[in-house]
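Have a look at the structure below before the remarks.
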Amino acid sequence: MFSRRAFLSNAVKYCASLSLTGSSPAVVNVSDLLDTPRLSGAAPVSVPGNFIGLGYEMSSVATPGLLNIDNHRYVNLIKGLGPAGVIRVGGIVADYTRFESDGTSRTERQNTVITRADLDRFGQFLKTTGWSAIWSVNFAQGGIEDAIVEARAVANALGGQLLALELGNEVENYGRGEKPFRTSPYNYETYRAEYSEWLAAIREAVPGIRLAAPDTASSVEWVERMANDSKGDVQLLTTHYYRGNQKDGTPELLLRPDPRLTNVLVRLRSVAQHCGIPWRMCETNSFYGGGRPGVSDTFVGALWTLDYMLLLAQYGCSGVNIETGINQLGFISSYSPIQDDQKGMNTAGPPYYGMLAFAAALTDCNEVLPIDIDTHGINMTTYVLGSGGKPSSVVIVNKDSLRDTHLSIRELGIDTGIALRLIAPSGESKTGITFGNAAVDPNGRWREGAKEEIRDGAVAIPRMSAIVLRSTDLK
């Protein structure tokens with residue numbers, strides 16, 4: 001039987017090794033030992049292979065050097081997140097975008113023009129990375145005939161890489177604001193009638209095209225009603241989420257659970273299960289308005305990104321598109337996983353490391369396995385992933401700023417494994433972040449550094465850090 005003394009001895013060894021990486025030395029306290037995680041017996045939750053994704057404003061496709069196969073760093077950064085994923089192109093800029101097949105590309109916030117050449121270039125980028133796309137047409141100010149022309153062109157250019165077409169962006173807001181796109185009040189019934197009319201015309205022109213809807217800013221009710229009203233006219237339910245407003249963003253908000261999010265996830269899971277239509281968080285990040293500088297672009301943002309993606313997977317989400325790049329206000333968002341100096345240099349921002357850790361945890365796994373664990377009040381979360389009901393990855397995110405955690409994963413059937421730690425000098429760090437003892441290199445590639453092995457299922461996780469444990473017990 002695994003003894004408390006042996007466990008503590010191993011914990012000390014692992015914490016000592018961490019002090020060499022630049023993280024704060026962990027203080028081992030017997031009272032901090034946690035109950036071991038155990039499978040709860042609840043049914044596994046399926047995680048699709050294209051779960052991971054990124055979100056872009058429409059203007060990004062009209063930027064010649066960005067989503068381009070000649071931008072080798074960008075290709076490497078995308079591929080580093082997995083062999084399959086989804087790029088969602090839309091955002092507020094989609095409400096101000098038009099398609100001109102042989103026109104001149106424009107990337108202005110409220111005057112973006114997408115051309116056939118842009119679509120062809122984007123299609124090649126998708127084929128090279130192996131990713132697919134959700135594409136938004138201008139439902140706010142465009143017309144049905146324009147949408148038909150654009151949908152046909154997008155389908156031809158992207159081919160099998162087109163996952164779904166969206167009509168509009170944050171549609172429940174179309175009757176609001178200083179210059180609303182629709183006469184107020186703009187309710188669900190009015191929207192649904194318009195959607196049905198547009199869809200019928202587009203499907204006649206492009207048979208078999210898949211639709212993602214309703215793409216709300218936050219309304220779960222519209223998603224529920226869309227699903228319940230569906231008669232095969234929507235294949236993917238979509239909505240957005242941000243933790244809060246940029247001006248109110250604080251590290252504490254990212255380090256603590258959002259009390260309103262659980263209810264949202266329960267409702268979305270329920271409607272997806274009831275109607276048999278998957279749902280995707282197709283635009284999301286920390287604080288809307290581009291993120292909070294000094295918060296979203298720090299190691300806190302990396303920990304939040306990892307934990308948030310795992311939470312979505314646990315609730316049956318079919319995928320998540322973390323917003324990146326130039327936002328609708330015209331500047332590079334501080335929350336961007338991929339940063340851009342707008343001079344051809346793209347680099348991994350802190351949130352990218354959270355996505356990288358998620359991708360590593362999901363390798364060879366297609367399920368989240370529900371568990372029971374007593375955290376004893378420590379601000380940490382634990383997730384177990386695997387396949388066929390058998391664990392193969394464990395992720396522990398310790399967001400506690402004061403206490404280290406130490407636990408055993410032997411009850412999960414894992415005695416030995418490889419530990420990939422997500423660490424930084426501090427929660428406020430913007431640089432010095434590593435995953436698996438390595439940083440993403442200047443060419444956009446990440447390769448695991450010196451391996452850290454675990455024995456006897458003993459794991460130590462210092463405060464403000466995370467770990468991905470990959471079992472080596474699997475036969």
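The values are calculated or read from the model by the stated rules, or taken from the named source; none is laboratory data. These numbers were taken from a predicted model, which means no experiment stands behind them. Every residue, glycine among them, receives a Cβ derived from its backbone with ideal geometry; neighbour counts consider all protein chains shown. What goes into the accessible areas is simple: the full protein's heavy atoms, side chains included, and nothing from ligands, DNA or RNA. Shrake-Rupley method; radii C 1.70, N 1.55, O 1.52, S 1.80 Å.
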Task: Cβ-Cβ FRET estimate between Asn437 and Lys247, R0 fixed at 41 Å, reported to 0.05 - done: 0.65
Open item on the list: Please compute the contact order of region 26-168 in relative form: average sequence separation of alpha-carbon pairs under 8 Å and at least six residues apart, divided by the residue count, as a percent.
Closed with: 23 percent
TODO: Evaluate E = 1/(1 + (r/R0)^6) for Asp473 and Arg182, where r is the Cβ-Cβ distance and R0 equals 51 Å; express this FRET efficiency to the nearest 0.05.
DONE: 0.35
- [ ] Among DSSP beta bridges lying fully in the chain, give the percent that are antiparallel, nearest 5.
- [x] 55 percent
Task: Karplus 3J(HN,Hα) series, Hz, for region 381-392 with 6.51 cos²θ - 1.76 cosθ + 1.60 (x for Gly, Pro) - done: 10, 10, 10, 10, 10, x, 8, x, x, 10, x, 9
Task: Rg(Cα)/(2.2 N^0.38 Å) for region 235-353, N = residue count - done: 1.08
Open item on the list: Using a 1.4 angstrom probe on the protein heavy atoms only, could you order Asp441, Asp233, Asp374, Asp404 from most to least accessible area?
Closed with: Asp374, Asp441, Asp233, Asp404
- [ ] Would you kindly derive the ³J(HN,Hα) couplings of region 110-127 from the backbone phi angles with the Karplus curve 6.51 cos²θ - 1.76 cosθ + 1.60 (θ = phi - 60°), listing them in order in whole Hz, with x for Gly and Pro?
- [x] 10, 7, 8, 10, 9, 10, 4, 4, 4, 5, 4, 5, 5, x, 5, 4, 5, 5
- [ ] Please give, to one decimal in nm, the separation of the simple spin-label points placed at His274 and His376, each 7 Å out from Cα toward the Cβ.
- [x] 4.2 nm
Task: For region 130-202, fraction of C-alpha pairs farther apart than 15 Å, in % - done: 57 percent
Open item on the list: Rounded to the nearest angstrom and ordered from largest down, what semi-axes does the equivalent ellipsoid of region 28-150 get from its C-alpha gyration tensor (root of 5λ)?
Closed with: 39, 18, 14
Task: Amide H contacts under 5 Å for Glu452, placed H, 5+ residues apart - done: Ala419
TODO: Quick one: what are the phi-derived ³J(HN,Hα) couplings along region 217-227, Karplus 6.51/-1.76/1.60 with θ = phi - 60°, whole Hz, x for glycine and proline?
DONE: 5, 7, 5, 6, 4, 5, 5, 4, 5, 4, 5
- [ ] Give the residue from Gly349, Gly377, Gly427 lying farthest towards the positive end of the charge dipole for region 346-459; charges sit on Cβ (+1 for Lys and Arg, -1 for Asp and Glu) and the dipole is referred to the Cα centre.
- [x] Gly349
Task: Inverse of mean 1/r across different Cα pairs in region 319-475, Kirkwood, Å - done: 16.8 Å
Open item on the list: Under a Cβ-only charge scheme (Lys and Arg +1, Asp and Glu -1), can you give me the dipole magnitude of region 373-456 about the Cα centre, in debye to the nearest 20?
Closed with: 240 debye
Open item on the list: I'd like the per residue volume of the convex hull spanned by the Cα atoms of region 77-236, given in cubic angstrom.
Closed with: 124 Å³
- [ ] Could you tell me which of Leu211, Gly325, Gly436 has its Cα farthest along the dipole of the chain towards the positive end, charges placed at Cβ (Lys, Arg +1; Asp, Glu -1), taken about the Cα centre?
- [x] Gly436
Task: Mean Cβ count within 10 Å, highest first, over the residues of peptides 186-199, 267-280, 85-98 - done: 85-98, 267-280, 186-199
TODO: Enumerate the amide H contacts of Leu162 below 5 Å, restricted to partners 5 or more residues apart or on another chain; note that Pro and chain-start residues carry no placed amide H.
DONE: Ala133
Task: Overall dimensions of region 144-292 as given by Cα atoms, namely Rg and Dmax in Å - done: 16.7, 50
TODO: Would you kindly compute the Cα radius of gyration of the chain and its largest Cα-Cα separation (Dmax), both in Å?
DONE: 22.5, 73
- [ ] List the residues whose amide H sits under 5 Å from the amide H of Ser392, counting only those 5 or more places along or on another chain, with H placed 1.01 Å from N in the peptide plane.
- [x] Leu385, Gly386, Ser387
TODO: Mind putting a number on the dipole of the chain about its Cα centre? Charges go on the C-beta only, +1 for Lys and Arg and -1 for Asp and Glu, and I need it in Debye to the nearest 20.
DONE: 980 debye
Open item on the list: How far apart, in nanometres, would the label points at Thr190 and Ser46 be if each is projected 7 angstrom from Cα along the Cα-to-Cβ direction?
Closed with: 3.8 nm
TODO: Provide the FRET efficiency to the nearest 0.05 for the Ala117-Ala200 pair, computing r from the beta carbons and using R0 = 25 Å.
DONE: 0.25
